[in-house]
Structures are given as C-alpha cells and as structure tokens.
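**Student:** The structure's right below; bear with me while I get my questions together.
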Amino acid sequence: MAQPIKFGTDGWRAIIAEDFTFDNVRRVSAAIAGYVNKHENPQHGVIVGYDTRFASGRAALMAAEVLAASGIPVKLTNDTTPTPAISYAVKSQGAAGGIVITSSHNPWNWNGVKFKGKFGGSATPAIMKAIEAELKDDPPVKSAGNSAPIEEVDLKQAYIKAICSFADLDLIAKANFKFAIDCMYGAGRGVLTQIFRDHNIQHVAIRQEMNPLFPGINPEPIQPHIALLQETVVKEKCQAGFATDGDADRIGAVTEDGAFVDSHKIISILLRWVVERKKWPGAVVRAFNTTGMIDRIAAKNGRKLYECPIGFKYIADLMMEHEIVLGGEESGGLGYGRFLPERDGILNSLLLANVMAEEKKPLGQLVADLQRDFGPHYYGRSDLHISDDIKQNAIRRAAAESTTQFGKYAVKKKFNLDGIKFYLDAPQPNNGAEPWVLLRASGTEPLLRIYVEAASPELVSEILASAEKFVKA
C-alpha cells in the first residue's frame, strides 16, 4: 500500500527514507506533470532545482526524468540553487512552473518537494489541490527514452543580476561597513559572497560548504542556530550579520554587538525604507502573527494594510491581486510586489546593507531608531509539543465567549483569522506595542505555537508564561 502524501503550505515534506523516498518523489513529480499537462502549456517547460540536502540532486534528476517522460521539456539546475532564483527563472523565462527539491528550514533528516506557479511564487491552494488530485498510488513506470529534452542550466547569474538592480552596491561599498554572511550550509552558499566580492564590499563568510548534516543546527535563521554568526560578527568587528535558511528564501540578522534581530524588526526597517526613502508605491501585507509596528509605519505613510492568514502563499495571492509594496511574515519571509510574489533571504540581506549604507548607521542603530520612532515593540514565541487532545482543548477554550480574562489581564478584543488572537488590557509604556497573544495549533503535528507582542521584554515573558499555563490547564 502506497504511503499517503499530504501537501502542506508550500508543497510536500517528509523524513528521508521513511516517506521521502525516490518512489514517492516520482509519484509527486508525476502528479505535477499531470497538472501541467492539463492546466498549463506543457511546451513552456518546467524548471527543476535543488538544495544542499542529502540526495537532493538525485531526486531533482528523477523529477526531471518523470516530467520529460510526460512530454514536458525540463531545465535542470547544474548546481544547488536558492529557491528564489528558481522562482525568478520560472517567471522571467515564462515556464509553466518550477519544482524545488528542498525541505527549507527543517532538520537535516527531512527533504521535500516545493512547486512554484508560473507567476514565480508558491503555488496557490487551488493549484496544490489540483496536483493532489493527480496523485496515484504507484510511481510511474520508467520509460525507455525521454520524449522531451532535459537541459542543464545555471540559474544563479541571471538571478544575481536581477537582485543587484534593486540595491546600490557602490553606495554599500563606499559606506565601508563589514558584513558577516551565514548561509547555514544551505543553497545560498556563495551567492552573497560573489556579489560582495565583485563589488569590493568587506565581508566574512561562514558555513558556506556543503554539509547535508547541518552539524549542530537546523538551517533556520533564528536563535539558537545563529549563535556562530553572533560570535563571528563580534569577533570580526562587523556592523551586521545576515543569515539565510536551507533554501535561502528566509532571512535572519545580527547587530554589531551580536544581538539577534527578529524578523519583525527586519520587516519594519525594510518597510520604512521602501515607503519613506524609496517611495515605492503600493499597500502593505502582514501575516496574522506579525508585529503591529508594521501597522504604525503603514498608517504614518498613508498606506493601506492587509492582514492575512499565516503562510506566504496568502501574501503572494494578495500580490497578484493588488499593488503591494511589501509583504512580510513572522518566519523571516518577505517579498516585494515589484519583483516576485516570493520570499527572498538573499535580496533582503542586500537591501538591509543598502539601508545601513544610506542611513550611515550600523544595524543596531536602525533597530533603536524604530523603537524610538514607533514605540517599543518586543516579541516572543513558544512552541509547545503537546498531545492533540490538549491542543484542541486549548483552542476550544480560547475561542469560547466565556474567556474574557487571560492571566491577570482582561481581553479587549479577540480575532480568529488563523488561530485565536487576544488583545489584552495590559500596560503600554512609552506608547509601545498594543499587547497581544496568539494561540495557533499546527495542522500537521502535535504542536501548538504561542506568539506574543508587548511593549517590554518582561511583559512578553509574563504573557508567554500565562499562555503556557492556560494551554496546559
């Protein structure tokens, strides 16, 4: 009996050798081929790329062979390639879609298959549903010969040229800042270093080599996995450090004194720059679990703000319907309507360096400026690995009308766009963040996430502790 394959928010992921097997890669690839042949122009071809994980290159070749056997021409990357570079190639070359063999920020023993729509971003829920409908129990039978060509290509150089057009690299070089670059053994390896080297920008690079075991870390640009980057920034006297995740579509950052900069501050710095300095037109999108500082920056600059469920595909949907200047989410993904409806950790590293050069300030000063101008905003998250019963019970109680108190604070407002979010009648010193807490159950694993924002780190810790108590009560 074939193992069930379930598509999540951005394709399919599974543990290597358990569910991520070559047979299952062929099944998923055949389903994608079926979708492309029925709903797209198959002669436009599909682009296939892969990251640095165990067997990613082999799996990418298998996917390419299945597509070619279905009459779909394939361009297969000749090296590990960042996911946003594959998305860019899909859109700029007019391909019918793109496949990326990656498991993004997951631990070393996972791998997966992402599908990118012809617009150059994560496939919409409707596309994923259509692909799921094509899934068969058995892998396709190998054909004797490919009926369509497979061409090996380099997609990095065209992508590098495209993202460099968004940043003033001469200005970054003149600013004389030094940057630390950490690709976390992922697909971003060598890309930012090439750009900085070509433009004489001072930098030091770590974890650029191929190591599918991601020793000691998950390739996710958050604490504790970026500890080496924090040490490097301080030791090498850098003005900032940038990290990208396993497939280089997410960003994390570190200030000159080694402090971690969360995604909320990164999005806020970049949003402020594109609307105040660059004057790029368009509305702003943020996911349900993302900082209220974005709302304040948007309001100050007269920009419409959209709030969407969690998952970049919802931001991408809005980017295709409206003029969106920037869309961002808590997990470190942000993109720009004028480029692609896609996250891009490498482009965002370049743009952060550009903001620093233009403002003539190290990264820590830009964060301090935000807290001064828009009020102090602090954030915390807790991932609780609990049984499904406890998880569902907590969500049910949170949603209940009778829940009007949370810890020692009254509930002012409650929203259920994606999980249950309470705005609390808690202190807001120095006109800081309006305190909120969000409880969100994972749909795929026994996990409940708690997100909190408030105007002081102490209040964040207090609300997180109350939330954990509430969940386990």
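**Student:** With the checklist (1) more than 16 Å from the chain's Cα centre (by Cα); (2) buried (at least 22 other Cβ atoms within 10 Å of the Cβ) in hand, flag the one item Trp273 doesn't pass.
**Tutor:** (2)
**Student:** Then there's this: Could you check, for the stretch 165-175, whether at least one of its residues is buried (at least 21 other Cβ atoms within 10 Å of the Cβ) and either in the same structural domain as Arg277 (by TED's automatic domain parsing) or in a loop (DSSP other than H, G, I, E, B) (or both)?
**Tutor:** No, that holds for no residue.
**Student:** Specify which of the listed residues (Lys421, Lys391, Lys469) is exposed (fewer than 14 other Cβ atoms within 10 Å of the Cβ), in contact (Cβ under 8 Å) with a residue 24 or more places away in the chain and outside any loop (DSSP other than H, G, I, E, B).
**Tutor:** Working: Lys421 fails: exposed (fewer than 14 other Cβ atoms within 10 Å of the Cβ); Lys391 fails: exposed (fewer than 14 other Cβ atoms within 10 Å of the Cβ).
Result of the check over Lys421, Lys391, Lys469: Lys469.
**Student:** Out of (1) surrounded by fewer than 13 Cβ atoms within 10 Å (Cβ to Cβ); (2) in contact with a helix residue (DSSP H, G or I) (Cβ under 6 Å, 6 or more places away or on another chain), what's the single condition that is false for Pro429?
**Tutor:** Going through the list (1) surrounded by fewer than 13 Cβ atoms within 10 Å (Cβ to Cβ); (2) in contact with a helix residue (DSSP H, G or I) (Cβ under 6 Å, 6 or more places away or on another chain), Pro429 breaks only (2).
**Student:** Where in the stretch 267-384 are the helices (runs of 4 or more DSSP H), entirely inside, with at least 2 residues that are under 20 Å from Ile163 (Cβ atoms)? It would help to see each step written out before you state the result.
**Tutor:** Numbers: elements: 293-300, 312-321, 345-359, 363-374.
Once the helices (runs of 4 or more DSSP H) in the stretch 267-384 are filtered for at least 2 residues that are under 20 Å from Ile163 (Cβ atoms), what remains is 312-321, 345-359.
**Student:** While we're here: Before we move on, is Val233 of a type in the set (A, V, I, L, M, F, W, C) and either surrounded by fewer than 22 Cβ atoms within 10 Å (Cβ to Cβ) or out of contact with any Asp or Glu (no Cβ under 7 Å at 6 or more places or on another chain) (or both)?
**Tutor:** Details: of a type in the set (A, V, I, L, M, F, W, C): yes; either surrounded by fewer than 22 Cβ atoms within 10 Å (Cβ to Cβ) or out of contact with any Asp or Glu (no Cβ under 7 Å at 6 or more places or on another chain) (or both): no.
So Val233 fails the test.
**Student:** Would you tally the residues in the stretch 39-57 being part of a helix (DSSP H, G or I) and under 13 Å from Gly97 (Cα atoms)?
**Tutor:** So the first thing to find is which residues in the stretch 39-57 are part of a helix (DSSP H, G or I), and the list is 39, 42-44, 56-57.
Those left that are additionally under 13 Å from Gly97 (Cα atoms): 39, 42-44.
Total meeting the criteria: 4.
**Student:** OK, next. Take Leu334 and decide whether it is buried (at least 23 other Cβ atoms within 10 Å of the Cβ), among the hydrophobic types (A, V, I, L, M, F, W, C) and closer than 22 Å to Gln223 by Cα. Walk me through it before giving the result.
**Tutor:** Working: buried (at least 23 other Cβ atoms within 10 Å of the Cβ): yes; among the hydrophobic types (A, V, I, L, M, F, W, C): yes; closer than 22 Å to Gln223 by Cα: yes.
Yes: the conditions hold for Leu334.
**Student:** So, one more: So Ala60 ticks every box in (1) crowded, with 20+ Cβ neighbours inside 10 Å; (2) small (Gly, Ala, Ser); (3) in a loop (DSSP other than H, G, I, E, B) but one. Which box is left unticked?
**Tutor:** Among (1) crowded, with 20+ Cβ neighbours inside 10 Å; (2) small (Gly, Ala, Ser); (3) in a loop (DSSP other than H, G, I, E, B), Ala60 violates only (3).
**Student:** Let me ask something else. Can you confirm whether the stretch 122-145 contains a residue that is without any contact (Cβ under 8 Å) to a residue 60 or more places away in the chain, assigned to a helix (DSSP H, G or I), β-branched (Val, Ile, Thr) and not assigned by TED's automatic domain parsing to the domain that holds Arg277?
**Tutor:** No.
**Student:** Kindly indicate which of Gly302, Gly332 is free of Cβ contacts under 8 Å to residues at least 24 places away in the same chain, at positive phi and not assigned by TED's automatic domain parsing to the domain that holds Gly120.
**Tutor:** Numbers: Gly332 fails: free of Cβ contacts under 8 Å to residues at least 24 places away in the same chain.
Among Gly302, Gly332, only Gly302 is free of Cβ contacts under 8 Å to residues at least 24 places away in the same chain, at positive phi and not assigned by TED's automatic domain parsing to the domain that holds Gly120.
**Student:** Considering Ala240, Ala259, Ala248, which residue is farther than 29 Å from Ile101 by Cα, in contact (Cβ under 8 Å) with a residue 60 or more places away in the chain and touching a Ser or Thr at 6+ places or on another chain (Cβ under 9 Å)?
**Tutor:** Values: Ala259 fails: touching a Ser or Thr at 6+ places or on another chain (Cβ under 9 Å); Ala248 fails: farther than 29 Å from Ile101 by Cα.
So the residue among Ala240, Ala259, Ala248 that is farther than 29 Å from Ile101 by Cα, in contact (Cβ under 8 Å) with a residue 60 or more places away in the chain and touching a Ser or Thr at 6+ places or on another chain (Cβ under 9 Å) is Ala240.
**Student:** Considering only the stretch 363-388, state which residues are in contact (Cβ under 8 Å) with a residue 60 or more places away in the chain, loosely packed, with under 15 Cβ neighbours inside 10 Å and farther than 19 Å from Glu453 by Cβ.
**Tutor:** His385
**Student:** Now a separate question. Tell me, please, whether a residue that is more than 16 Å from Ala240 (Cβ to Cβ), in a helix (DSSP H, G or I), among the β-branched types (Val, Ile, Thr) and in the same structural domain as Phe242 (by TED's automatic domain parsing) can be found in the stretch 193-214.
**Tutor:** No, the stretch 193-214 has no match at all.
**Student:** Out of Met293, Met356, report the one residue that is closer than 20 Å to Ala259 by Cβ, in contact with a Ser or Thr (Cβ under 8 Å, 6 or more places away or on another chain) and either outside the structural domain of Arg250 (by TED's automatic domain parsing) or small (Gly, Ala, Ser) (or both). Reasoning before the result, please.
**Tutor:** Details: Met356 fails: in contact with a Ser or Thr (Cβ under 8 Å, 6 or more places away or on another chain).
Checking each option against the conditions leaves just Met293.
Results for (1) surrounded by fewer than 24 Cβ atoms within 10 Å (Cβ to Cβ); (2) at pLDDT 95 or above; (3) not in a helix (DSSP H, G or I), shown as yes or no for each residue.
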position: Leu67; (1), (2), (3): no, yes, no
position: Asp79; (1), (2), (3): yes, yes, yes
position: Tyr88; (1), (2), (3): no, yes, no
position: Ile99; (1), (2), (3): no, yes, yes
position: Gly112; (1), (2), (3): no, yes, yes
position: Lys118; (1), (2), (3): yes, yes, yes
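The values are calculated or read from the model by the stated rules, or taken from the named source; none is laboratory data. Source: prediction; values computed, not measured. Note that each Cβ is placed from the backbone with ideal geometry, even for glycine, and that neighbours are counted across all protein chains shown.
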